Amino acid sequence: MAAEQLSPEIGQRWIDLAAHPLPDFEDLRHDSDHTRPTGDNTALLLDATLEATDIVIASPLYWYSVSASTKRYLDYWSGWLRTPGVDFKATLQGRTLWGVTALAHEEQVVADPLVGTLRNSAAYMGMLPHCLKGVGGTPRRSPARQRQQARRRTQGRGGTAAGQDVLRARASAGDRTLPVRGVAVRKYGARSSAPVRGVVARQSATP
């Protein structure tokens, strides 16, 4: 993963939300006073969030949005805004929120609700938003594998003379397109050369 390429001097802290589950969030802004949590997963995630200069949320695309545990974590931001002595919004202002997701659909527009959730969260906090979207899937179902198999079927049909003519024409025209064997990643958001100095949240990809 990209984080492995960072310098050892850059501190990283990855927290698996599936391994550190949060209770269902209750919006109690009108019913009770908020107190800072201690000694539980809520306290762990709050402290890690406040300490990070860059928050990286890696979540699969589940039904056009973030996973349930990622949404629950973001819901807690609402409560932390009202926790005395935390200054949650002021602390996060000017820092960076990164979103990383993978989807099996080639039309990346289906991930717009997920991107919108992260961008709106960043905008409210005054953070800088960035999002990476990748197209993937199982080897048999990935878009790249399907295109590769379609090309092979075309080449093996009817003695392949027509298919070979097409391939030779493409080669002579300078077409060097190769099948994709990994995840194609596209970046959305403003370019930034600033290093990631802290990361906080990772969602397990287990359905």
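A short reminder: the numbers here are calculations on the coordinates, not readings from a lab. All figures in this text were calculated on a predicted structure; none of them were measured in a lab. For neighbour counting, all protein chains shown are included, and Cβ atoms are generated from backbone atoms with ideal geometry for every residue, glycine included.
Quick look at the numbers
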{"item": "Estimated FRET transfer efficiency (His20, His105; beta-carbon r; R0 30 Å; 0.05)", "result": "0.55"}
{"item": "Listed peptides 126-134, 10-18 by packing density, highest first (mean Cβ within 10 Å)", "result": "126-134, 10-18"}
{"item": "Rough spin-label spacing in nm, given labels placed 7 Å along Cα→Cβ, for Glu51 and Arg82", "result": "2.8"}
{"item": "Cβ-derived FRET efficiency at R0 25 Å, Ala68 paired with Ala123, nearest 0.05", "result": "0.65"}
{"item": "Full-extension gain in nm, Asp112 to Glu9, via 0.36 nm per residue minus C-alpha separation", "result": "33.6 nm"}
